[in-house]
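**Student:** My questions all concern the structure below.
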Amino acid sequence: MTMMTLVQHLAQGEIKTRGVQQWMLDNVIPLVLLAVALLLLWLGGGKGDNAGVMRRLAGVVIALAIIGLAVSGLGVNVGEWIAGLFTG
């Protein structure tokens, strides 16, 4: 009987994912960034490969910029600006 009640409640309104998105932004992304930072320190720091660590760090910074654009919703503005460079 409770399953039918759940189905009826879900059928009456929209199923939204805002809570899941916010949870991921608040929890998953910082944990992934922490894991990447620890991995970079472990891989390069112990061997003295500072140049390799900096190369990987540059890739991480670029990835963070892309994630920031995707999360903020400014990707459309950047795309229009780039298209404006070529179309005049």
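The values are calculated or read from the model by the stated rules, or taken from the named source; none is laboratory data. None of the values given here were measured: they were computed from a predicted structure. Don't worry about glycine lacking a Cβ; one is built from the backbone with ideal geometry, like all the others, and counts go over all protein chains shown. Only protein heavy atoms, including side chains, enter the accessible area calculation; ligands, DNA and RNA are left aside. Shrake-Rupley method; radii C 1.70, N 1.55, O 1.52, S 1.80 Å.
**Student:** With a 1.4 Å probe and every protein chain left in place, work out the accessible area per residue of region 17-83 in Å², rounded to a whole number. List each step's numbers first, then the result.
**Tutor:** Working: 5150 Å² over 67 residues.
Normalised by residue count, the accessible surface of region 17-83 is 77 Å².
**Student:** Using 7 Å Cα-to-Cβ label points, what is the Q21/D49 separation (nm, one decimal)?
**Tutor:** 3.9
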